[in-house]
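Scroll down for the structure; my scribbles are underneath it.
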Amino acid sequence: MNSPFVMVIFGATGDLARHKLFPALFSLYKQKRLPENFYIIGFARRVFSDDDFRSLIGEQLKTDSPEYAEFAKNVYYEQGLFDEKNGYEKLIERLNKFDEKVGACIMRLFYLATPPDNYDAILDHLLSTKLSEGCGQGSSKWTKLVIEKPFGKDLETAQELDRRLAEIFEEKQIFRVDHYLGKETVQNMLAFRFANGIFDPIWSSKYIDHVQITFAEKKGVAGRGKFFDGVGILRDVAQNHLMQLIATVAMEQPKSFMKEDVRDARAKAIHAIKYIEPSDVSSRVVRGQYAGYHDEKDVMKDSTTETFVAMKLEVDTPRFSGVPFYVRAGKHMPKDTVEISIVFIQTCHILFKEYGCPEEGNVLTIRIQPDEGITLRMIAKKPFDSAHGKPGLALTTVNMGFNYSDEFGGKGADAYEKILTDIFSGDQTLFNRSDELESSWEFITKILKGWSEVQNSSRFNREKIKNYNEGEWGPKEATELIEKDGRKWIG
Ligand code: BG6
């Protein structure tokens, strides 16, 4: 990692910069994984001097160590409004000075870490001031644009945003972030599935009964009411993180691990997710809102924004045809957990029937976080206990497991460290391509349409958003969604 870079973080005083970007940058610095010449410019509305901003970041990182003081020398601040030219002009002066100092055109990264309603204004100004063209404003294309989710509000706005990006940047300059792709446990799915030849033959409807994915957070909207209320959990995590988790399970082996082959395989899997038509939304998608949501700061008192969603879907590929995927995501759940369970068809052999097969059979659970690891639940014979046991055969279930902390002494790099490192080196493998996003928005937009049809109809009173209490796994309808098929949520 030797090429100098300057990263401009738009929205540098916001949540993402505070909780993810600066911690990851400082961690990379401590690991000596940043180049000798790097510059970070925070760009936001509030007024700070460079030094004040450095102190603010230090406080947020809870450090005043000498190492932080060294790191902070590379951090600057530029005050500006996203929709006013002035700030961008000051930015150009600052960027030119860095180029002069290094004596070359430094790679420029523009990181859009703002709420999405600012994207248009920022893109307009990057274009009109020619900042988008890089060093010398016109002489080079040596820039990259990093854009965070939510990428649009529905299919139409996502396509519109994509068109706008394509007018200004080439595809190789655009990094659309879904930080779940940067998680070690998500990346490991490729190795797990395709480096271990034993799984491929059983990874199909012939052996798999169904798949479950749970994305649960104990916290509520945690001070992000303003952002969340306009978005909801469907757009906030289902459109992106959940779709990517489904893709890791459903995708076929990529032709190679080259960027476009991996992205092709992911895109095909997402494209194969069968739409839930608006008319089926009421029976296949459950939306819930935790009790007390209306009292959260910056949330509308009559908000119908969902904080929980559960759905049953199918991936229409030869491998998975007919295998239901039950997925759920929610805030204020009983625990923090993101996991995927592959539930195999219960085949406890006829020979064992008279001894009692355990109700549940083989389940492979991939714990994305926390307690990162993989467990395979198996049926085993209970050891004979001469004092209490009856002679004969008794069966039970046991777990065979691997966890990151035992094997590797930790869970590996933080997702944003991986994401940033790949941006610096220009590797787009773990970033969304527009066709992946388009497919996932097509799927999600049908659900949004179904909800808005219900909302505007007389059925709304009967089918309106369901409440659940903090610490519950969503409304009871989420349990019914799976139980009516004779199955149960795991965990
Ligand atoms: C973000 C969502 O993309 O992912 C948040 O906007 C959510 O609502 C977060 O809390 C979860 O990320 P992680 O890495 O903490 O699991």
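Quick note: the coordinates plus some simple rules give every number you see, no bench work behind them. Predicted model, so just to flag it, every value in this text is computed and none were measured. Please note: Cβ atoms are built from the backbone with ideal geometry, for glycine as well, and neighbour counts cover all protein chains shown.
Quick notes on this one:
- Measuring between their Cα centroids, region 348-419 and region 329-344 lie 17 Å from each other.
- Applied to region 324-337, the Karplus parametrisation 6.51 cos²θ - 1.76 cosθ + 1.60 on θ = phi - 60° returns per-residue 3J(HN,Hα) values of x, 10, 9, 10, 8, 9, x, 9, 6, 8, x, 8, 8, 7 Hz, with x for Gly and Pro.
- Over the chain: helical MRE at 222 nm, DSSP H runs n ≥ 4 each giving -39500 (n - 2.57), nearest 500: -9500 deg cm²/dmol
- Length released on extending from T347 to V398, taking residue separation times 0.36 nm less the Cα-Cα span: 16.8 nm
- Bridging of K259 to lysines at a Cα separation below 19 Å is possible for K144, K172, K183, K268, K418, once same-chain residues fewer than 8 apart are set aside.
- Under 5 Å from the amide H of I368 lie the amide H atoms of V338, E339, I340, each residue being 5 or more positions distant or on a separate chain, with H modelled from the backbone and absent for Pro and chain starts.
- Annotation: amide H-H contacts under 5 Å for T397 (H modelled 1.01 Å from N, sequence separation of 5 or more, or interchain): A380.
- Mean-position separation - Cα centroids, region 97-137 and region 1-33, in angstrom: 16
- Bridges between two residues of the chain, per DSSP, are antiparallel at a rate of about 55%.
- Extended-chain gain in nm, criterion 0.36 nm per residue less alpha-carbon gap, E171 and R46: 41.8 nm
- Region 368-439: C-alpha gyration tensor shape, a/c 1.5 cut-off, then a/b vs b/c: prolate
- Shape of region 323-465, Cα gyration tensor, a/c cut at 1.5: oblate
- Each residue of region 31-43 is assigned a 3J(HN,Hα), and the resulting list reads 7, 6, 10, 10, x, 4, 9, 9, 9, 10, 10, x, 10 Hz, derived from the Karplus form 6.51 cos²θ - 1.76 cosθ + 1.60 (θ = phi - 60°), x at Gly and Pro.
- Alpha-carbon centroid distance for the pair region 243-303 / region 152-230, whole angstrom: 8
- By the beta-carbon count within 10 Å of each Cβ, the least crowded to most crowded order of S204, S279, fewest first, is S279, S204.
- Charge context of W473, other residues only, Cβ under 10 angstrom, K/R +1, D/E -1: +2
- Ranked for footprinting exposure by Cβ neighbours inside 10 Å, fewest first, T337, T305 give T337, T305.
- Across region 225-240, rounded Karplus estimates of 3J(HN,Hα) from the backbone phi angles (6.51 cos²θ - 1.76 cosθ + 1.60, θ = phi - 60°) give x, 4, 5, 5, 4, x, 10, x, 6, 4, 7, 5, 10, 6, 4, 10 Hz, Gly and Pro being marked x.
- Model label points for I198 and D298, set 7 angstrom from Cα along the Cα-to-Cβ axis, are 5.0 nm apart.
- FRET E, pair E354, S279, Förster distance 56 Å, beta-carbon r, rounded to 0.05: 0.75
- Taking the fewest neighbouring Cβ atoms within 10 Å as the starting point, the ordered list for F194, F5 is F194, F5.
- Extension gain (nm, one decimal) between H19 and K449, 0.36 nm per residue minus Cα-Cα: 151.5 nm
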